[in-house]
Amino acid sequence: MADFETPVLGEYQVIPHLKRDTMAGSKPYVAKPDHQKALGFPVELVPDWENVAVKKLGELVAQSRALQVFLDSCVKCGACTDKCHYYLGTSDPKNMPVARQDLLRSVYRRYYTFAGKFFPKLVGARDMTKDVLDEWYTYFHQCSQCRRCSVFCPYGIDTAEISMAARDVMDAVGLGQKYSNEVIGKVHKIGNNLGLPGPALANTLEGLEEDVKDETGVDVKYPVDVKGAEVLLVTPSADFFAEPHVDGLIGYGKVFHQAGISWTLSSHASEAANFSMFIGSHSNLHRAAMRIREAALDLGVKRIVVGECGHAWRVAYSFWNTLIGPFDFLDQKYPIPQHICEFTHDLIQRGALKLDRSANDDKVVTFHDSCNVARASRMGNMPGGQFIIPREIIKATCNHFYDMAPETIGESTFCCGGGGGILTDELLDLRIKGAQPRMQALKQVVDEYGVNHVAAICAICKSQFTKVLPYYKFPMDMIGSVHGLVSKAIRLDAKN
């Protein structure tokens, strides 16, 4: 059973005692051949893989000035040491961001710096060997790419970029990760992470319509493949039927209904999430995102709205324009893309939604800032909108809201422990330990304010919390969607 032995002291957490190589045995399953083939990767270690890996690393550094700066500029100051939730939870020194970076930096130095070529031992440079590759596979899959370390690094070094590069190299030589590659393959083949085909999606949405009709007496539609709709909604596929996600999708539909705005999902591009970012594969990132552009053009929509998913929003906000833009076929008066929270917040601000806060009086709510929203994107036109907008929606839909400690929210938020392609059962021990700092912050508001509900706007966070909450003696159903709160509070008008 996980515990709370490491206390939070002011702004900083006590650095745990080192337990060297304590997580050396924790690694995900290797991708199956069909997963690798679907993504264009080799199915096993290629001949002369050492040189192939070194060449691939050189290509990535040449393509990304940022990656080269990150590899060259670290001075080992230690500012990142206690900022990684996996290090705090596991005590393994190789989970310190600087140490994890050095797993790749040592190889980079050996082949791409003068000192590393001629004086390797003096600068900690290492040859690319099978032992090094195995170490990469273990520890670069103990990084959720949350980027918290980069917030505190005086040089702004982004461990996520280094982790993505290492995973990209491993896929290129035939050592891919089963979970991420299988998920990406399903998107390419069917259109969503769960492999839910079009007829099953339509049947699921019909079931939601019946459930909402039984609950409210109002005919709220959850349409799919409707041409000429104003809005194309792309949302994580977990929203279609899995708890606690589905309450969010129900809330989206109710919002569109009351606002009188036509909308649709797409069976061709029913998935907002893009796991290609986790493995650093630009070609697969582009392929998955292109489905959304194709769907928007085919359906003739005016705007694209992204549902509650952290890294889906990061990809949309940060990469869509260069990956699949320009979006000159959409109505330019709307944000491109637009987050569902922006959409709903705007309606609330204009008084277009009827909300009854007392409907959520059974909940004392706190909010978990999801990493990819908090540290890698924005929301709305206001500074810090990604922090303000979700909280204003929560306050508009419930009477009892309390934030976690200031040093654990906003840009400094702790990761849930399940992001970056880590959300797989073979890594459950790592996920439980990685969740420890967030669970400690949650325990503080539970003890002080009686919080019994955590709202989040990320599908991975919600899935991770559902799994790890019981290990920290919290109820499994404590986690929910922001639009789940909207769903309960909204009072529908049957005439729409």
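Read-outs throughout are calculated quantities, based only on the coordinates presented, and are distinct from any laboratory measurement. All values reported here derive from a predicted model rather than from experimental measurement. Reconstructed Cβ throughout: ideal geometry from the backbone, glycine too, with neighbour counts over all protein chains shown.
With helices as the sole contributors, the chain gives -14000 deg cm²/dmol at 222 nm; each DSSP H run of n ≥ 4 counts as -39500 (n - 2.57), and the sum is divided by every residue. Each of the peptides 68-81, 430-443 was scored by the mean count of other Cβ atoms within 10 Å over its residues; in descending order, highest first, they stand as 430-443, 68-81.
Between residue 214 and residue 405, the simple label model (points 7 Å from Cα in the Cβ direction) yields a spacing of 4.4 nm. Taking amide H atoms as placed 1.01 Å from N in the peptide plane, the amide H of residue 490 lies under 5 Å from those of 356, each 5 or more residues away in sequence or on another chain. Working note: Cα atoms of the chain, range along each principal axis, descending, whole Å: 77, 51, 36.
Report note on the peptides 389-396, 22-29, 49-56: ranked by the mean count of other C-beta atoms within 10 Å, highest first, their order is 389-396, 49-56, 22-29. Compared with the direct C-alpha span, the chain from residue 476 to residue 426 gains 16.0 nm at full extension, assuming 0.36 nm per residue. By other beta-carbon atoms within 10 Å, ranking 313, 136 with the fewest at the front produces 136, 313.
Relative to the Cα centre, what is the charge dipole magnitude of segment 176-263, using +1 at the beta carbon of each Lys and Arg, -1 at the beta carbon of each Asp and Glu, and rounding to the nearest 20 debye?
Dipole of segment 176-263, to the nearest 20 debye: 500 debye.
For each pair in 186/462; 94/462; 221/354; 27/83; 227/462; 55/121, compute the distance between the two Cα atoms and list the pairs where it is over 24 Å. Pairs exceeding 24 Å: 94/462; 227/462. Packing, taken as the mean count of other beta carbons within 10 Å per residue, orders the peptides 209-220, 376-387, 291-302 from highest to lowest as 291-302, 376-387, 209-220. In whole angstrom, note down how far apart the Cα centers of segment 362-393 and segment 210-285 are. The distance from the Cα centre of segment 362-393 to that of segment 210-285 comes to 20 Å.
When its C-alpha radius of gyration is set against 2.2 N^0.38 Å (N residues), segment 280-328 gives a value of 1.11. The charge dipole of segment 185-489, taken about the Cα centre with unit charges on the Cβ atoms of Lys, Arg (+1) and Asp, Glu (-1), comes to about 680 debye, rounded to the nearest 20. Fewest neighbouring Cβ atoms within 10 Å first, the residues 483, 85, 35 line up as 35, 85, 483. If you take the Cα centroid of segment 46-97 and the Cα centroid of segment 106-128, the two points sit 14 Å apart. Take the Cβ atoms of residue 122 and residue 282, set R0 to 25 Å, and the FRET efficiency comes out at 0.10.
What is the antiparallel percent of DSSP beta bridges lying wholly in the chain, to the nearest 5?
Of those bridges, close to 20 percent are antiparallel.
What is segment 326-445 by shape, rounded, prolate or oblate, if you read a ≥ b ≥ c off the alpha carbon gyration tensor as root eigenvalues and call it rounded for a/c under 1.5, prolate for a/b larger than b/c, and oblate otherwise? Since a/c reaches 1.5 but b/c is at least a/b, the shape of segment 326-445 is classed as oblate. For segment 29-36, backbone phi angles converted through the Karplus equation (6.51, -1.76, 1.60; θ = phi - 60°) give residue-by-residue couplings of 5, 6, 4, 6, x, 5, 5, 5 Hz, Gly and Pro being listed as x.
Look at 262, 144 and count the other Cβ atoms within 10 Å of each Cβ; fewest to most, that gives 262, 144.
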